[in-house]
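The next block holds one structure in the form of structure tokens; read it before the comments.
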Number of protein chains: 2
Amino acid sequence: MQSIQSYINDNKDRFLDELIELLKIPSISADSAYKKDVLKTADAIKISLEKAGCDLVEICETEGYPIVYGEKIIDKNLPTVLVYGHYDVQPPDPLDLWNSPPFEPVIKKTEKHPEGAIFARGACDDKGQMYMHVKALEYMTKNNELPCNVKFMIEGEEEVGSVNLGKFVAANREKLENDVILISDTGMIAKDVPSITTGLRGLSYVEVEVTGPNRDLHSGLYGGAVANPINVLTKMIASLHDENNHITIPGFYDKVENLSDAERAEMAKAPFSLEEYKKSLDIDAVYGEAGYTTNERNSIRPTLDVNGIWGGYTGEGAKTVIASKAYAKISMRLVPHQEWEEITELFQKHFESLAPAGVRVKVNPHHGGQGYVTPIDSIGYQAASKAYEQTFGKTPIPQRSGGSIPIVSLFEQELKSKTILMGFGLDSDAIHSPNEHFGVWNYLKGIETIPWFYKHFTELKVNG
Amino acid sequence: MQSIQSYINDNKDRFLDELIELLKIPSISADSAYKKDVLKTADAIKISLEKAGCDLVEICETEGYPIVYGEKIIDKNLPTVLVYGHYDVQPPDPLDLWNSPPFEPVIKKTEKHPEGAIFARGACDDKGQMYMHVKALEYMTKNNELPCNVKFMIEGEEEVGSVNLGKFVAANREKLENDVILISDTGMIAKDVPSITTGLRGLSYVEVEVTGPNRDLHSGLYGGAVANPINVLTKMIASLHDENNHITIPGFYDKVENLSDAERAEMAKAPFSLEEYKKSLDIDAVYGEAGYTTNERNSIRPTLDVNGIWGGYTGEGAKTVIASKAYAKISMRLVPHQEWEEITELFQKHFESLAPAGVRVKVNPHHGGQGYVTPIDSIGYQAASKAYEQTFGKTPIPQRSGGSIPIVSLFEQELKSKTILMGFGLDSDAIHSPNEHFGVWNYLKGIETIPWFYKHFTELKVNG
């Protein structure tokens, strides 16, 4: 029986080639022009799960993109791990900032990845991290090392809010029954500082539209005499934060969990260099809510950011126009106990109340999800911690992430099990940005670490 | 010798056909993709001036688009009228709001134009209004009715700030020598309420850029911890007006001319229905500087409007991104005595000072021009007034416009002559907007009125 390390050594070129093929398909779920490619990716995932040793693989249709379900049940009395991932990717824009085309993967060395990194949209988020689990399964089945049952649920709508996954999960509670859910869709602090994500922020994503006059107007003839929807929109958005960068929506903070001084002191121990952080982003100062550190601002505190804004003439040159409409996409990151649907309602009510006479305002809720916290004394966390110890030679640090995987709290509610977030990406991997990449070392380290999780989880579950 | 009325009756179909041909060429000066079309339009203007009776027509090259110069000198001792107009047009976006393609002119009846109106980009601004002068010249030369000398100067960069016209005028003072400048690039109050524009606002047009982090970031991982350039931009723009909608740029109002109560009372006599104004724009309230009426806000008061804003993800669906950059195009309309270059500097200094730590701000001045006032006791104004009386049967009302023709104050400075603004468009003609149009009645009425101006101006000048 071959060790995981030697199996990776023998197969690493193929592991990379297979991932590269997957990354070539532009599975952009947000843009309906790529529908065929998203569906093609689901088919590719199905085939890869079959090849890796699943006994049953199904493409489960939804009202949107299908969910690929696979399983290998070796003994109903043994524990079951449910792996979740997604095969869709973020839109690649702005395209002109990519150094190589987003769907023509290339391996290039970087300062943080001297062994090379795969550059492509989805390399890290989440095709690369999801595919580690497929290859880990391949190792375990080929070498008779699978100690328990495994189920895969790989969806195609994560980047657009997992709109149909909730229904699927609720309708398939029995099929998805499990003892722990395993996801690699987060990051770790550094290659020599392994970490496990124990907290996620929730999300409320809305689109707002401000309408003034019924048509675009000449800014000379009408300027100053009618409400300009863009000026009004900037005023409305600006008023959503006060001078301390607190969010001004009434009731927004009511349910926010306040960490104790001891908990904050514990958090502050995580290695972090503000100078390096600023340098890597080329900014002269950080910015955020008064009274909190950078690491607190992006993990335990809720936020409100404009993700996109547009209106009027945005082409070359000048056009002296007052636009009829102005738009923005706004998202709020939420912390545990904030209810995303309630926050969306509070936003809507408040934003609409900000509209001055002379404009009409529409708030279109987009999607959202709850925040989440994993207890570090759970068997799942302990098993993951041991797995990292085995392959990294050190105990991983529990870490709260600022990101959101809204489906995690839904899993707990519907399937009554805890999720373990074993992420192998780095903050610098530029997910959601141009030049997204995923280190070859990280990819292979993930494949190496995952089978140890299965081993320790089964032992702790069966014996403990 | 044929009267102008009967000449128009005999030739009106041809007058319309010729204008329609001119409107088919998309001479969009702001977009370099249309360079060939802009140049083609200059050639078409040259030919039309030759056909109308000019003795000399030249395409004068500049660093940008050429200026078409034409003249008919009948006697050096007689007065000279210099006609200015422009052959370039505004970009037509948003295209999807046009009911017919912007460069495929069609004549359709409207409520305000029961005789029909020509729908096309540039129909009113300024190809249609400029071409009235070409056809008026044709009538006068063909019928031996030209009482004085005439010069034409038709440029191709008015919609991008007339960047090269100033140099051309300064370098050709002798060639352009004249007794009065005549322009049709404004509007009149209504078809039964003729008016002459006696005031124009100045303009300062800038583009601003806010840069935060050096790349687009994931809003979950960085949200709340770094300055979001879009949020910052909205705050900066919002702060440019106070709660009374006064502009907050220090020094902005220092040179603003304050009208006396008597002058304001005189202005208030112009026919205006606020209810109709709101109805035509489908707004429930007007909006603007406290203490001023709608007609004052858009004529005697300076303004600041965002003409375009963009940043982040603006496509279909959701993208949870913090953009690296956010942009806006901002224009200020200025009143007489405000120096546009000084105002641009005040804006730049103030806007840059608003930037919080964590972002960098760039202000790119685009173009600008001075405001202008024509005295109603001048010979030019009196001649125009008599011309309207002749063809409309009533005395026109002097009116201040909110728009800008920056070149007018430059003409006064360089050529030492006053400009008369005989506009025949209506506010509802949607210039700079989708579905721009120009009434057939207005077009023909302009051709009819212009020769009377030449007659009265020459008589007043020679006899007076």
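Taking the range A:191-215 as the range and being within 18 Å of the chain's Cα centre (by Cα) and away from chain B (no Cβ under 14 Å) as the test, the residues that pass are A:Ile196, A:Thr198.
How about the range B:326-341: which of its residues are of a type in the set (D, E, K, R), in contact with a Lys or Arg (Cβ under 8 Å, 6 or more places away or on another chain) and more than 7 Å from chain A (Cβ to nearest Cβ)?
As a first pass, look at the range B:326-341 and keep what is of a type in the set (D, E, K, R): B:329, B:333, B:339, B:341.
With the extra rule that they be in contact with a Lys or Arg (Cβ under 8 Å, 6 or more places away or on another chain), the set shrinks to B:329, B:333, B:339.
B:Glu339, the sole residue that qualifies.
Against the list (1) under 20 Å from B:Gly187 (Cβ atoms); (2) open to solvent by 20 Å² or more (accessible area, probe 1.4 Å); (3) facing chain A (nearest Cβ under 7 Å), the condition B:Ser280 fails is (3).
Considering the conditions (1) under 17 Å from A:Phe252 (Cβ atoms); (2) more than 14 Å from every other protein chain (Cβ to nearest Cβ); (3) open to solvent by 50 Å² or more (accessible area, probe 1.4 Å), A:Gln382 is excluded by exactly one of them, (1).
Scanning the range A:183-239 for residues that are over 26 Å from B:Leu240 (Cβ atoms), in a strand (DSSP E or B), open to solvent by less than 20 Å² (accessible area, probe 1.4 Å) and among the aliphatic types (A, V, I, L, M) yields A:Ile183, A:Ile196, A:Leu200, A:Leu203. The condition of being at pLDDT below 95 and in contact with a Gly (Cβ under 6 Å, 6 or more places away or on another chain) holds for only one of A:Val160, A:Val180, that being A:Val160. Checked against (1) in the same structural domain as A:Gly251 (by TED's automatic domain parsing); (2) surrounded by fewer than 22 Cβ atoms within 10 Å (Cβ to Cβ); (3) touching a Pro at 6+ places or on another chain (Cβ under 8 Å), A:Trp340 meets all criteria but (2).
Annotation for the range A:243-251: at least one member residue is hydrophobic (A, V, I, L, M, F, W, C) and either over 17 Å from B:Tyr222 (Cβ atoms) or in contact (Cβ under 8 Å) with a residue 24 or more places away in the chain (or both).
Given the residues A:Glu159, A:Glu177, which is the only one that is open to solvent by 10 Å² or more (accessible area, probe 1.4 Å), farther than 30 Å from A:Ser353 by Cβ and at the interface with another protein chain (Cβ under 10 Å from one of its Cβ atoms)? Step through it out loud before you land on a result.
Values: A:Glu177 fails: at the interface with another protein chain (Cβ under 10 Å from one of its Cβ atoms).
Just a single option satisfies the conditions, and that option is A:Glu159.
When the range A:425-453 is filtered for residues that are within 16 Å of A:Gln5 (Cβ to Cβ), surrounded by 21 or more Cβ atoms within 10 Å (Cβ to Cβ) and not aliphatic (A, V, I, L, M), the ones remaining, listed by number, are A:Asn442, A:Tyr443, A:Gly446, A:Glu448, A:Thr449, A:Pro451, A:Phe453.
For residues that are among the basic types (Lys, Arg) and touching a strand residue (DSSP E or B) at 6+ places or on another chain (Cβ under 6 Å), tally how many sit in the range A:337-385. Can you show your working first?
Let us first name the residues in the range A:337-385 that are among the basic types (Lys, Arg), namely A:349, A:360, A:362.
Right, trim to touching a strand residue (DSSP E or B) at 6+ places or on another chain (Cβ under 6 Å) and you get A:360, A:362.
Qualifying residue count, the range A:337-385: 2.
Could you tell me which of the residues B:Gly53, B:Gly64, B:Gly122, B:Gly116 is touching a residue at least 40 places away in the same chain (Cβ under 8 Å), under 16 Å from B:Asn435 (Cα atoms), surrounded by fewer than 23 Cβ atoms within 10 Å (Cβ to Cβ) and in contact with a Ser or Thr (Cβ under 9 Å, 6 or more places away or on another chain)?
Values: B:Gly53 fails: under 16 Å from B:Asn435 (Cα atoms); B:Gly64 fails: under 16 Å from B:Asn435 (Cα atoms); B:Gly122 fails: surrounded by fewer than 23 Cβ atoms within 10 Å (Cβ to Cβ).
Of the residues listed, the single one that is touching a residue at least 40 places away in the same chain (Cβ under 8 Å), under 16 Å from B:Asn435 (Cα atoms), surrounded by fewer than 23 Cβ atoms within 10 Å (Cβ to Cβ) and in contact with a Ser or Thr (Cβ under 9 Å, 6 or more places away or on another chain) is B:Gly116.
Taking A:Gly403, is it in contact with a Gly (Cβ under 7 Å, 6 or more places away or on another chain), touching a residue at least 40 places away in the same chain (Cβ under 8 Å), small (Gly, Ala, Ser) and crowded, with 21+ Cβ neighbours inside 10 Å?
Numbers: in contact with a Gly (Cβ under 7 Å, 6 or more places away or on another chain): yes; touching a residue at least 40 places away in the same chain (Cβ under 8 Å): yes; small (Gly, Ala, Ser): yes; crowded, with 21+ Cβ neighbours inside 10 Å: yes.
Here the answer is yes, as A:Gly403 does meet what is asked.
Taking the range A:256-277 as the range and being open to solvent by 60 Å² or more (accessible area, probe 1.4 Å) and either within 23 Å of B:Asn231 (Cα to Cα) or modelled with pLDDT under 95 (or both) as the test, the residues that pass are A:Asn258, A:Asp261, A:Ala262, A:Glu263, A:Arg264, A:Glu266, A:Ala268, A:Lys269, A:Pro271, A:Phe272, A:Leu274, A:Glu276. Name, by its number, the condition in (1) open to solvent by 60 Å² or more (accessible area, probe 1.4 Å); (2) among the aliphatic types (A, V, I, L, M); (3) under 23 Å from B:Ser184 (Cα atoms) that does not hold for B:Ile74. So B:Ile74 meets the others, but not (3).
Just the residues that are part of a helix (DSSP H, G or I) and not acidic (Asp, Glu), please, taken from the range B:27-37. Break it down stepwise before answering.
Step one: of the range B:27-37, the residues part of a helix (DSSP H, G or I) are B:32-37.
B:Ser32, B:Ala33, B:Tyr34, B:Lys35, B:Lys36, listed by residue number.
When the residues of the range B:94-109 are filtered to those that are within 14 Å of another protein chain (Cβ to nearest Cβ) and open to solvent by less than 70 Å² (accessible area, probe 1.4 Å), which remaining residue is farthest from B:Glu18 (Cα to Cα)? Even if it seems obvious, please write down each step before you answer.
Step one: list which residues in the range B:94-109 are within 14 Å of another protein chain (Cβ to nearest Cβ), which gives B:94-99, B:102.
Now drop any that are not open to solvent by less than 70 Å² (accessible area, probe 1.4 Å), which leaves B:94, B:98, B:102.
Numbers: B:Pro94: 27, B:Trp98: 23, B:Pro102: 17 Å.
Among residues in the range B:94-109 that are within 14 Å of another protein chain (Cβ to nearest Cβ) and open to solvent by less than 70 Å² (accessible area, probe 1.4 Å), the one farthest from B:Glu18 (Cα to Cα) is B:Pro94.
The residues of the range B:283-325 that are under 30 Å from B:Gly358 (Cα atoms) and more than 7 Å from chain A (Cβ to nearest Cβ), listed by number, are B:Leu304, B:Ala323, B:Ser324, B:Lys325.
Tell me, which residue of the range B:216-234 that is touching a residue at least 12 places away in the same chain (Cβ under 8 Å) and not aliphatic (A, V, I, L, M) is farthest from the other protein chains (Cβ to nearest Cβ)? Spell out how you get there, then give the answer.
Just the residues of the range B:216-234 that are touching a residue at least 12 places away in the same chain (Cβ under 8 Å), to begin with: B:216-220, B:222-223, B:226-230, B:232-233.
Add one more test, that the residue is not aliphatic (A, V, I, L, M), and what stays is B:216, B:218-220, B:222-223, B:228-229.
Working: B:Asp216: 4, B:His218: 4, B:Ser219: 5, B:Gly220: 3, B:Tyr222: 6, B:Gly223: 4, B:Asn228: 5, B:Pro229: 9 Å.
The extreme case among them is B:Pro229.
Can you find a residue that is part of a loop (DSSP other than H, G, I, E, B), closer than 24 Å to B:Ala117 by Cα, open to solvent by 30 Å² or more (accessible area, probe 1.4 Å) and assigned by TED's automatic domain parsing to the domain that holds B:His456 anywhere in the range B:7-26?
From the range B:7-26, those part of a loop (DSSP other than H, G, I, E, B) are B:24-26; that's our starting set.
When the remaining residues are screened for being closer than 24 Å to B:Ala117 by Cα, the result is B:24-26.
Checking the rest, the ones that are also open to solvent by 30 Å² or more (accessible area, probe 1.4 Å) come to B:24.
When the remaining residues are screened for being assigned by TED's automatic domain parsing to the domain that holds B:His456, the result is B:24.
Yes, the range B:7-26 contains a residue that is part of a loop (DSSP other than H, G, I, E, B), closer than 24 Å to B:Ala117 by Cα, open to solvent by 30 Å² or more (accessible area, probe 1.4 Å) and assigned by TED's automatic domain parsing to the domain that holds B:His456.
The residue that is farthest from B:Gly402 (Cα to Cα), counting only those in the range B:288-315 that are open to solvent by less than 30 Å² (accessible area, probe 1.4 Å) and among the polar types (S, T, N, Q), is B:Asn307.
The values are calculated or read from the model by the stated rules, or taken from the named source; none is laboratory data. Keep in mind that what you see is a predicted model, and the values were worked out from it rather than measured. Cβ coordinates were reconstructed from backbone atoms using ideal geometry, including for glycine residues, and neighbour counts include every protein chain displayed. Side chains included, ligands, DNA and RNA excluded: accessible areas come from the protein's heavy atoms. Shrake-Rupley method; radii C 1.70, N 1.55, O 1.52, S 1.80 Å.
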